[in-house]
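Engineer: Sharing a structure with you now.
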Amino acid sequence: MLNFAICDDDFDFCNELEKYIIEYFSNKKLDAPDISVFHSSEDILASSKIYDIAFLDVEMSGLSGIHAGKELTKRNKNMIFFIITSFEDYLDEALRFHAFRYLSKPLDKNRLFRNLDDAIHLHITTSTKVAIETKGGVHTVLSSDIIMVEARFGNVIVYTPNKTYYTTTKINEWDARLSKVNFFRCHRSFIVNFNYVNFFDNSLIHLNNNKYKAYLTVRKYSQFKHEYFVFLEHVG
């Protein structure tokens, strides 16, 4: 079950948003999420629950929703949060702290439903766990933590921010296993995670603040560029 949070000091808006979220899940024939409602940033930050998706109002007395979002993502780096605002002046700051999308008042139900489609899809792709088989045993990691997979000199290497694994699984199997939304087979020897791309040209992709490089086949450059831009648009 997904954990949702709504934090807004407008009681009527909270009730309307909660009603629409329940309607969305009912229409999709999905189990309804657990929805917690708060009316200040201080209250939501006092909660010990870990949230998957949160809706946070910018314009509350006390701490802003942007501050709450920044603190909540420290507890769950994959939490998806929406900023609720009537004023676009806050959007630059919200995007700087990686808000997923923004909702404006009054609430547009159709726009909310479209954004929920994207948010649920993103949650699934970032929370999926994969097994990495090595000669020493089997390790479990989030697919979102895989920076890239490389086939080199008979080995297949999986790179994550904290550890490098030499796996017994062939790169073709990794290509079939990893989400085509987040990952791209850019070369016969490389699969990269779009989340970690910080620069590319027609021959190389730089990842994770230039710590890693992957070859980009010339014939795949246009496809990679297109899919990377689609990915950026999809994740907001």
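Engineer: Run down I124, I132 and say which single residue is touching a His at 6+ places or on another chain (Cβ under 6 Å), farther than 17 Å from Y212 by Cα and either among the hydrophobic types (A, V, I, L, M, F, W, C) or free of Cβ contacts under 8 Å to residues at least 24 places away in the same chain (or both). Walk me through it before giving the result.
Structural biologist: Values: I124 fails: touching a His at 6+ places or on another chain (Cβ under 6 Å).
Exactly one residue qualifies, and that residue is I132.
Engineer: List pairs: first in region 208-234 and closer than 10 Å to F184 by Cβ and without any contact (Cβ under 8 Å) to a residue 40 or more places away in the chain, second open to solvent by less than 100 Å² (accessible area, probe 1.4 Å) and in a loop (DSSP other than H, G, I, E, B), Cβ under 8 Å, 6+ apart or cross-chain?
Structural biologist: L216/D201; L216/N202; L216/S203
Engineer: Something else now. Condition test on K180, is it modelled with pLDDT under 95 and among the charged types (D, E, K, R)? Before you say what the answer is, go through the steps one by one.
Structural biologist: Numbers: modelled with pLDDT under 95: yes; among the charged types (D, E, K, R): yes.
Against the criterion (modelled with pLDDT under 95 and among the charged types (D, E, K, R)), K180 qualifies.
Engineer: Same structure again: Go through region 40-59 residue by residue and tally those that are open to solvent by 20 Å² or more (accessible area, probe 1.4 Å), touching a helix residue (DSSP H, G or I) at 6+ places or on another chain (Cβ under 7 Å) and more than 17 Å from M1 (Cα to Cα).
Structural biologist: Here the count works out to 1.
Engineer: Continuing with the same structure: Search region 182-192 for residues being part of a loop (DSSP other than H, G, I, E, B) and out of contact with any Asp or Glu (no Cβ under 9 Å at 6 or more places or on another chain), and hand back the single one that is most open to solvent (accessible area, probe 1.4 Å). If you could, list the steps in order and put the result at the bottom.
Structural biologist: Going through region 182-192, the residues part of a loop (DSSP other than H, G, I, E, B) turn out to be 182, 188-189.
Filter once more, keeping what is out of contact with any Asp or Glu (no Cβ under 9 Å at 6 or more places or on another chain): 182, 188.
On the way: N182: 3, R188: 188 Å².
The selected residue is R188.
Engineer: Can you tell me which condition V149 does not meet? The list is (1) in contact with a Leu (Cβ under 8 Å, 6 or more places away or on another chain); (2) under 27 Å from Y102 (Cα atoms); (3) crowded, with 20+ Cβ neighbours inside 10 Å, and all the others hold.
Structural biologist: V149 satisfies every listed condition except (2).
Engineer: Filter region 25-35 for residues that are touching a helix residue (DSSP H, G or I) at 6+ places or on another chain (Cβ under 8 Å) and open to solvent by less than 60 Å² (accessible area, probe 1.4 Å); which is modelled with the lowest pLDDT?
Structural biologist: Top of the filtered list is A32.
Okay, residues lined up against (1) in a strand (DSSP E or B); (2) at positive phi; (3) among the hydroxyl-bearing types (S, T, Y); (4) open to solvent by less than 90 Å² (accessible area, probe 1.4 Å):
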| site | (1), (2), (3), (4) |
| --- | --- |
| I157 | yes, no, no, yes |
| Y166 | yes, no, yes, no |
| T169 | no, no, yes, yes |
| A176 | no, no, no, yes |
| N209 | no, yes, no, no |
| E227 | no, no, no, yes |
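Engineer: So which of V58, V37 ends up being touching a Phe, Trp or Tyr at 6+ places or on another chain (Cβ under 8 Å) and closer than 22 Å to P106 by Cα?
Structural biologist: Numbers: V37 fails: touching a Phe, Trp or Tyr at 6+ places or on another chain (Cβ under 8 Å).
Going through V58, V37 in turn, the sole match is V58.
Engineer: Would you be able to tell me the number of residues in region 129-138 that are in contact with a Phe, Trp or Tyr (Cβ under 6 Å, 6 or more places away or on another chain) and open to solvent by 10 Å² or more (accessible area, probe 1.4 Å)? It would help to see each step written out before you state the result.
Structural biologist: Restricting attention to region 129-138, the residues satisfying the condition of being in contact with a Phe, Trp or Tyr (Cβ under 6 Å, 6 or more places away or on another chain) are 132, 134.
After this cut, where a residue has to be open to solvent by 10 Å² or more (accessible area, probe 1.4 Å) as well, the list is 134.
Adding up the residues that qualify gives 1.
Engineer: Oh, and also: Of the residues L107, L103, L116, which is closer than 26 Å to M1 by Cβ, part of a helix (DSSP H, G or I) and open to solvent by less than 30 Å² (accessible area, probe 1.4 Å)?
Structural biologist: On the way: L107 fails: part of a helix (DSSP H, G or I); L103 fails: part of a helix (DSSP H, G or I).
None of the other options fit; the residue is L116.
The values are calculated or read from the model by the stated rules, or taken from the named source; none is laboratory data. Not measured: the values here are computed from a predicted model. All Cβ positions, glycine included, derive from the backbone under ideal geometry; neighbour counts span all protein chains shown. What goes into the accessible areas is simple: the full protein's heavy atoms, side chains included, and nothing from ligands, DNA or RNA. Shrake-Rupley method; radii C 1.70, N 1.55, O 1.52, S 1.80 Å.
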